[in-house]
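Notes to accompany the following structure.
Derivation of every value follows stated rules applied to the coordinates shown; laboratory data play no part. These figures come from a predicted structure and were not determined experimentally. All Cβ positions, even for glycine, are placed from backbone atoms using ideal geometry, and neighbour counts span all protein chains on display.
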Amino acid sequence: MSPEFDSMDKIREITRPADCPDKGFLCDLLWSDPGEDTVGFRDGDRGVSYNYGPDVVAEFLQKHDISLIVRGRHPMVSLYNKHIVCQMNKSCCRVCTKLRHQCDSERVIS
């Protein structure tokens, strides 16, 4: 998610391959993170890009007539299940695929 994400064409227009810049749309697309207690956009916890709230997700879904955003960057806590999914309001999913990253157990489903 990005404050600059106003059209799906923005993704189609990305020249590939591309290096990730330090800021801007492509950086946000790769590094922004959802935050359940966040409203709108705020500076990201990683020191790059943004955190965004459920309000941003809801507005994006409605504007683009889609029902789900799937993100695939968050690692999982253990090897017991390689297909764990973390959810935020059932509209923004994060697929956990690696070890040693804290996934909040309240948001983890199998």
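Table for the structure above
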quantity	calculated
Zero-based 10 Å bins, Cα pair distances in the range 1-66, whole percents	21, 52, 25, 1
Packing-based order for 16-23, 27-34, 60-67, using average beta carbon neighbours within 10 Å, highest first	27-34, 60-67, 16-23
